[in-house]
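To start, the structure under review is shown below, and the notes come after it.
Just so it is clear, none of the values below were taken in a lab; they were calculated from the coordinates. Since the model is a prediction, treat every value here as computed from it, not as a measurement. Backbone-built Cβ (ideal geometry, glycine too); neighbour counts: all protein chains shown.
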Amino acid sequence: MPPHWSQKQQGHEAGVLRRRYTPEQTRILMDKYKESRYVPRPEMAVLAEATGLTMLQVKIWFQNRRLKDRKKLQKTSRQRPPS
């Protein structure tokens with residue numbers, strides 16, 4: 001691949017595409033996330049079955065969601081002026 005291609009272009013060239021989850025899958029995952037940010041392996045298997053995703057996809061979704069929340073928290077704490 002030419003050196004000027006971005007990683008994204010190279011990924012698409014290799015057939016790696018980002019998968020969007022359906023609103024129903026997202027709702028199921030968010031409902032569980034609101035109960036607990038960490039899901040034990042047996043519950044992860046149940047979530048995978050309910051959503052039609054793999055356990056790895058469920059695990060990565062929870063990791064990404066925790067990261068998103070952490071970034072949001074850091075951003076809001078930086079925006080507050082000191083008292």
Could you tell me whether the range 27-83 comes out rounded, prolate or oblate from its Cα gyration tensor? Rule is a ≥ b ≥ c as square roots of the eigenvalues, rounded for a/c under 1.5, then prolate if a/b exceeds b/c, otherwise oblate. prolate
I'd like the trypsin sites (Lys or Arg not before Pro) in the range 17-74 restricted to DSSP loop residues with at most 16 other Cβ atoms within 10 Å, sorted by number. Arg18, Arg19, Arg20, Arg37
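When only Cα pairs under 8 Å and 6 or more residues apart are kept, what is the percent relative contact order across the range 21-75?
Details: 21 pairs, mean separation 17.7, N = 55.
Here the relative contact order equals 32 percent.
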